[in-house]
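Asks: Here it is, the structure, as structure tokens.
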Amino acid sequence: MTLIAYPLSGAMPDIRPARPTRDWIDALPEQYGYRCLPLNIASMHGWEVCCPVRVTAMWNGGVGLDAITITAEEPHPLQPASHFGSGVLTFHVAALFRTPPGINLMVTGPLNHPKHGILGLSGIIETDWSPYPFTMNWKFTAPGVSVTWEKGEPFAHLMPIQRGLVEGLTPEIRDLDSDQEMAAQYRAWAASRSQFNSDLKTPGSTAAQERWQKGYYRGKKPDGTEGPPDHEIKVRAKPFPIG
């Protein structure tokens, strides 16, 4: 399968495989955020579109197009702009994408990459047929807050998703004990987690040395048996070719 990008500005936008690291996690004690595999997989799940120049924007709380002040470190045709008013800042993705049949492209703010005073909005596009380009929009959440994107910092995250998958799933509620094997595995985990958290308080204990339980990370069930063979601890999106 292919993900094709057709540049619309004469040059390929700065698009890269999504990064596994985050500055705010690097700053945590022992970088404990990287122990959360679901968070890490989400961070890597797709591609990032990056800012071509360093740019700072501020919203004064008004509804007009002039309510956002934008200052770029250097001139660039793809710097963000105020197109919609009401505190919405627009970035041009500057490419038309084509996905395989039945695959949409979700565009949203960089995952697990918070920015104070502003929120990345999300959209889903049927890129398997659409000849229409899209933009990445951010909504200011507070006036008077200066928000900066560094050159090379992601402003959008692209993630392929299967069209019709949501409608094709039928929600059900079942008693946990209707699946005896899963119920037993869950209760074994719950008991081990309670014991592990208790043992963490004891210096020199096995739990204190391990620091965190690694069953899900390693793809193992609570009884030590292997989970599915396609369990992932990394996602490696392929880069777009250069030149």
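The values are calculated or read from the model by the stated rules, or taken from the named source; none is laboratory data. All of these numbers come straight from a predicted model, not from anything done at the bench. Neighbour counts are summed over all protein chains in view; Cβ atoms, including those assigned to glycine, are modelled from backbone coordinates with ideal geometry. Each accessible area value is taken on the protein alone, full model and side chains, heavy atoms only, with ligands, DNA and RNA left out. Shrake-Rupley method; radii C 1.70, N 1.55, O 1.52, S 1.80 Å.
Asks: Leaving out ligands, DNA and RNA, what percent of the accessible area of the chain is carbon and sulfur, probe 1.4 Å? Please report the intermediate quantities before stating the final value.
Replies: Working: 8540 of 14740 Å².
Ligands and nucleic acids excluded, carbon and sulfur reach 58 percent.
Asks: Take the Cα of Thr21, step 7 Å along the line toward its Cβ, and report every residue of segment 154-191 whose backbone nitrogen sits under 16 Å from that point.
Replies: 154
Asks: A further question on this structure: Report, ordered by chain and residue number, the lysines lying within cross-link reach of Lys151, taken as a straight Cα distance under 18 Å and ignoring same-chain residues fewer than 8 apart.
Replies: Straight-line reach from Lys151, under 18 Å: Lys115.
Asks: Give the cross-link partners of Lys221 among the lysines, using a straight C-alpha distance below 22 Å as the criterion and excluding same-chain residues fewer than 8 apart.
Replies: Lys234
Asks: Within segment 221-243, whose backbone N sits under 16 Å from a point 7 Å along Cα→Cβ of Gln213?
Replies: 221-227
Asks: Let me ask something additional. Springs between alpha-carbon pairs under 10 angstrom, Gaussian network model over the chain: which of Pro203, Pro154, Pro110 fluctuates most?
Replies: Largest GNM mean-square fluctuation: Pro203.
Asks: Enter the angle in degrees (range 0 to 90, nearest 10) between the Cα long axis of helix 180-199 and the first principal axis of the Cα atoms of the chain, meaning the one along which they spread out most.
Replies: 90 degrees
Asks: I'd like the GluC sites (Glu not before Pro) in segment 145-194 restricted to DSSP loop residues with at most 13 other Cβ atoms within 10 Å, sorted by number. If you can, show how the numbers build up before the last one.
Replies: Values: sites: Glu150, Glu167, Glu172, Glu181; in loops: Glu150, Glu172.
Hits after loop and neighbour filter: Glu150, Glu172.
Asks: Express the relative contact order of segment 39-96 as a whole percentage, based on alpha carbon pairs under 8 Å and six or more residues apart in sequence. Before the final figure, lay out each step's value.
Replies: Working: 77 pairs, mean separation 16.4, N = 58.
Contact order relative to length: 28 percent.
Asks: Using Cα centres only, tell me the gap between segment 1-70 and segment 153-228 in whole Å.
Replies: So the separation of the two Cα centres works out to 28 Å.
Asks: Once you keep just the Cα pairs under 8 angstrom separated by 6 or more residues, what percentage relative contact order results for the chain? It would help to have the intermediate numbers written out before the result.
Replies: On the way: 435 pairs, mean separation 53.9, N = 243.
Worked out over the chain, it gives 22 percent.
Asks: Oh, and also: With every protein chain kept in the model, how would you rank Leu176, Leu8, Leu111 by accessible area, 1.4 Å probe, largest at the top? Mind showing how you got there, number by number?
Replies: Details: Leu176 65, Leu8 95, Leu111 40 Å².
Result, largest first: Leu8, Leu176, Leu111.
Asks: What translational diffusion coefficient, to the nearest whole µm²/s, does segment 105-147 have by Stokes-Einstein, given a Kirkwood radius computed over alpha-carbon pairs, a temperature of 20 °C and 1.002 mPa s viscosity?
Replies: Values: Rh = 11.9 Å.
Approximately 180 µm²/s, per Stokes-Einstein.
Asks: Right, another one. More than 15 Å apart: what percent of Cα pairs in segment 121-210 qualify? All intermediate terms of the calculation are to be shown ahead of the outcome.
Replies: Details: 3215 of 4005 pairs.
For segment 121-210, the share of Cα pairs beyond 15 Å comes to 80 percent.
Asks: Could you work out [θ]222 nm for the chain from helices alone, using -39500 (n - 2.57) per DSSP H run of at least four and dividing by all its residues? Round to the nearest 500 deg cm²/dmol.
Replies: Values: 6 runs with 45 residues, N = 243.
Calculated from helices alone, the mean residue ellipticity at 222 nm is -5000 deg cm²/dmol.
Asks: Any idea what % of Cα-Cα pairs in the chain are farther than 25 Å? Before the final figure, lay out each step's value.
Replies: Numbers: 16620 of 29403 pairs.
Value for the chain (Cα pairs over 25 Å): 57 percent.
Asks: Provide the per-residue ³J(HN,Hα) series for segment 13-22, in order, calculated from phi with Karplus coefficients 6.51, -1.76, 1.60 and θ = phi - 60°, each as a whole number of Hz, with x at glycine and proline positions.
Replies: So the Karplus estimates, Gly and Pro as x, are x, 7, 10, 9, x, 4, 7, x, 9, 9 Hz.
Asks: Would you work out the relative contact order for segment 120-221, in percent, from Cα pairs under 8 angstrom that are 6 or more residues apart? Present the calculation step by step, with values, prior to reporting the outcome.
Replies: Working: 33 pairs, mean separation 14.3, N = 102.
Once normalised by length, the contact order is 14 percent.
Asks: Segment 83-164: D in µm²/s via Stokes-Einstein (Kirkwood Rh, Cα pairs, 4 °C, 1.567 mPa s)? Could the numbers behind the result be given before it?
Replies: On the way: Rh = 13.8 Å.
The estimated diffusion coefficient comes to 94 µm²/s.
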